[in-house]
1. Does segment 62-73 hold any residues that are charged (D, E, K, R) and closer than 14 Å to residue 39 by Cα, and which are they?
2. Quick one: residue 25 ticks every box in (1) farther than 27 Å from residue 168 by Cβ; (2) open to solvent by 50 Å² or more (accessible area, probe 1.4 Å); (3) touching a residue at least 12 places away in the same chain (Cβ under 8 Å) bar one, so which box is it?
3. I'd like to check something: does segment 172-186 contain any residue that is small (Gly, Ala, Ser), farther than 23 Å from residue 131 by Cβ and open to solvent by less than 60 Å² (accessible area, probe 1.4 Å)?
4. With respect to residue 108, determine if the residue is under 26 Å from residue 188 (Cβ atoms) and open to solvent by 70 Å² or more (accessible area, probe 1.4 Å).
5. Residues in segment 115-122: is at least one assigned to a strand (DSSP E or B), under 30 Å from residue 28 (Cα atoms) and not aromatic (Phe, Trp, Tyr)?
6. Residue 96 - would you say it is in a helix (DSSP H, G or I), touching a residue at least 24 places away in the same chain (Cβ under 8 Å), of a type in the set (Asp, Glu) and open to solvent by 40 Å² or more (accessible area, probe 1.4 Å)?
7. State whether one or more residues within segment 49-72 are open to solvent by 30 Å² or more (accessible area, probe 1.4 Å) and under 26 Å from residue 129 (Cα atoms).
8. When only residues in segment 153-171 that are over 30 Å from residue 105 (Cα atoms) and of a type outside the set (A, V, I, L, M) count, which is least open to solvent (accessible area, probe 1.4 Å)?
Amino acid sequence: MNVLVITGHPDPQSFCSALSHAYMEAAASEKGANVRELDLSRMSFEPNLKYGYRKRMELEEDLLKAQELIRWADHLVFVYPIWWGTMPAVLKGFFDRVFLPGFAYKYRDNSPLWDKLLKGKTAHLLVTMDTPPWYNRWIYRRAGHRVMKRNILGFCGIKTVRITEFSPVSSSTEAMRAKWLEKSRKLGASLA
């Protein structure tokens, strides 16, 4: 299986980065998966879709490579924090610039329907947050998860098979973080 881990935290020394590496190492060593990573903190691209779809922006080399890896992958793992109820700006900018018409979806002529060009791929979301899980579920109604699962990935044909939350990070202890890293390893080992 070809697995692409997309780390969507702007800080390369974040806990999200540690979760990504734990998952990747286990997926490769325990499952024999072909694993690649896109670490958005180390990529060079303009995250702002300056002209909307009115005028085309040329894709930077890192974004062309990202599209190539997304095509290659069977399973995508997104690792990112929830900030202000949704993903960080760098991850949103990544979607705006990479998941373009003709790559991720295509509108049909004279129809309100579209073709999902990334159909057949699966995704797992590993999400950190400071909001307690019960609050995110009952008060926020998992708004950030719904946007990722339905509005972005589902729109393009990617089926989200699992969402794993690690929370609350800001008040977590060293022991809790070690336990979460082990959980990420187990998820990678089972390709969950």
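The values are calculated or read from the model by the stated rules, or taken from the named source; none is laboratory data. What you see is a predicted model; the values in this text were computed from it and never measured. Note: ideal-geometry Cβ built from the backbone for every residue, glycine included; neighbour counts use all protein chains shown. The accessibility values were calculated without ligands, DNA or RNA, using every heavy atom of the protein model including side chains. Shrake-Rupley method; radii C 1.70, N 1.55, O 1.52, S 1.80 Å.
1. Those that are charged (D, E, K, R) and closer than 14 Å to residue 39 by Cα: 62, 65.
2. (1)
3. No, segment 172-186 contains no residue that is small (Gly, Ala, Ser), farther than 23 Å from residue 131 by Cβ and open to solvent by less than 60 Å² (accessible area, probe 1.4 Å).
4. Against the criterion (under 26 Å from residue 188 (Cβ atoms) and open to solvent by 70 Å² or more (accessible area, probe 1.4 Å)), residue 108 does not qualify.
5. Within segment 115-122, the subset assigned to a strand (DSSP E or B) is 115-116, 122.
From what's left, under 30 Å from residue 28 (Cα atoms): 116, 122.
Applying the additional criterion that residues be not aromatic (Phe, Trp, Tyr) yields 116, 122.
Yes: segment 115-122 contains one or more residues that are assigned to a strand (DSSP E or B), under 30 Å from residue 28 (Cα atoms) and not aromatic (Phe, Trp, Tyr).
6. Values: in a helix (DSSP H, G or I): yes; touching a residue at least 24 places away in the same chain (Cβ under 8 Å): yes; of a type in the set (Asp, Glu): yes; open to solvent by 40 Å² or more (accessible area, probe 1.4 Å): yes.
Taking the combined requirement at face value, the residue satisfies it.
7. No, there is no match, as no residue in segment 49-72 is open to solvent by 30 Å² or more (accessible area, probe 1.4 Å) and under 26 Å from residue 129 (Cα atoms).
8. Among them, the one singled out is 166.
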